[in-house]
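Chemist: Handing you a structure now.
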Amino acid sequence: MNLSVIIPVYNESNTIEEIVKRVKQTGLAGEVVIVDDGSTDGTREILARLDGEGPIKVVYHDSNQGKGCAVVTGIKNATGEVVLIQDADLEYDPRDYPALMQPIEEEIADIVYGSRFLGGPRRPTMFWHMVANKLLTLATNILYNNILTDMETGYKVFRKEVLNGITIHAKSFNFEPEFTAKVLKRKFRIYEVPIRFTPRDYNEGKKIKLSDAFEALWTLFKYRFID
C-alpha cells in the first residue's frame, strides 16, 4: 500500500532529523509530508535542507496555527492511499509501523490506533497525564458506545478515503477527539494495536497542557450531537 507519513512539527530542532531518519529506515513510507507550523528555533532551516531528499516533502505555515491545522494541511498534501500521523518528538517509535499497517493490509480495519495502554513497552512517568488520557478515553466510550483504550494516541493510521465528506475543524490538540468522534459516528472499523511509548516531560519540551484536556472533553461532547 502507498503510505503517506504526516509529521506536524513546531520547534523540534533537537529531534526532527532523528525522527525523519527513523521513518525512512522503516522502508514503508512512500512519502513523508512534514508540515512546519511556524517554527522559530531553527527547525525550518533544517527542513529546508531535508526538503526533496528522497520521499520528503515539506510544507510551511507562515505562523503557528496549532497541531490540528498542521495535520489537516498534511492530509491535504498527502497522495498515499493510507495516511499515518507521526509526532516529531520521538515519543512514538516508527518500528511499530508494520503492526500499525497490518489490520488495514488484511482488510479488517479502516483505521488503526496505536494504543499506549495495551501492554507495549513504555517509559513509566507522568501519572496524572496518564489519568487524564484514561478519563478522556472513558468519556469517549460512554458517549460513543465503544471500548477504545487510547483515544488520545498520536498514532492514527487510516485509509485517506475515510475523510471523504468529513470536515475537521480542530486547530490544536483537539484533533484527536474530533477525528475520533466523527469516525465513530460513521461506524468505521477501528482496530487497536499495542505500541512502544517513550513520553517526554515538560522540561524536555512537552507541549500539551491541562487546558487541552478540558477542550478535548468539550470536543467529544459537542461532536456527539453536531457534525
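Just so you know, all these numbers are worked out from the coordinates, no wet-lab data involved. Computed from a predicted structure; not experimentally measured. Methodologically, a virtual Cβ is constructed for each residue, glycine included, from the backbone with ideal geometry; neighbour enumeration extends over all protein chains shown.
Chemist: For Rg and Dmax of the Cα atoms in Å, the listed values are (i) 17.4, 57; (ii) 16.3, 47; (iii) 19.8, 61; which was obtained by calculation from the structure presented?
Modeler: (ii)
Chemist: If you don't mind, there's one more thing I want to ask. For segment 1-126, treating each Cα as an identical point scatterer without solvent, what Debye log10 I(q)/I(0) comes out at q = 0.10, 0.12, 0.14 1/Å?
Modeler: Debye intensities relative to I(0), on a log10 scale: -0.31, -0.44, -0.60.
Chemist: Tell me the label-point distance for the pair F221, N146, using the 7 Å Cα-to-Cβ offset, in nm and rounded to one decimal.
Modeler: 2.0
Chemist: Between H129, V33, A78, whose Cα lies farthest towards the positive end of the dipole of the chain when Lys and Arg beta carbons carry +1 and Asp and Glu beta carbons carry -1, centred on the Cα centre?
Modeler: In the chain, that residue is H129.
Chemist: When only alpha-carbon atoms count, how far does segment 87-204 stretch along each of its three principal axes, as whole angstroms with the largest first?
Modeler: 40, 29, 25
Chemist: Let me know the charge dipole size of segment 103-188 about its Cα centre in debye, to the nearest 20, where only the beta-carbon of Lys, Arg (+1) and Asp, Glu (-1) is charged. Let's see the in-between values first.
Modeler: Values: 12 positive and 9 negative charges, 54 e Å.
Roughly 260 debye for segment 103-188.
Chemist: Between K76 and K171, what is the spin-label point distance in nm, taking each point 7 Å from the Cα along the Cα→C-beta axis?
Modeler: Distance between the two pseudo-spin positions: 1.6 nm.
Chemist: Also: So in segment 102-227, what percent of DSSP beta bridges are antiparallel if you round to the nearest 5?
Modeler: 35
Chemist: Based on the Cα gyration tensor of segment 1-60, what are the three equivalent ellipsoid semi-axes, each the root of five times an eigenvalue, rounded to whole Å and given largest first? Kindly include the intermediate steps, with their values, before the conclusion.
Modeler: Values: eigenvalues 74, 24, 18 Å².
Semi-axis lengths for segment 1-60 are 19, 11, 9 Å.
Chemist: How many angstrom lie between the C-alpha centres of segment 34-75 and segment 113-191?
Modeler: Spelled out, the Cα-based centre of one part sits 24 Å from the other.
Chemist: Under a 10 Å cutoff between Cα atoms, tell me which one of V33, V157, V23 has the largest fluctuation in the Gaussian network model of the chain.
Modeler: Its mean-square fluctuation being the largest, the pick is V23.
Chemist: Between R189 and R95, what is 0.36 nm times their sequence separation minus the Cα-Cα distance? Round to one decimal in nm.
Modeler: My answer for the length gained is 31.5 nm.
Chemist: About its Cα centre, what dipole magnitude does the chain give when the only charges are +1 on Lys and Arg Cβ and -1 on Asp and Glu Cβ, stated in debye to the nearest 20?
Modeler: Working: 29 positive and 32 negative charges, 120 e Å.
Using only the charged Cβ atoms, the result is roughly 580 debye.
Chemist: For E91, list long-range residues whose amide hydrogen, built 1.01 Å from N in the peptide plane, is under 5 Å from its own amide hydrogen.
Modeler: Here the answer is none, since no amide H 5 or more places off falls under 5 Å of that of E91.
Chemist: Pick from R95, R116, R186: which is most flexible by mean-square fluctuation in a GNM of the chain where alpha carbon atoms under 10 Å apart are linked?
Modeler: Between R95, R116, R186, it is R186 that shows the largest mean-square fluctuation.
Chemist: Shifting gears a bit: Students often forget the sequence filter, so: which lysines lie under 19 Å Cα-Cα from K76 once same-chain residues fewer than 8 apart are removed?
Modeler: K57, K67, K156, K160, K171, K182
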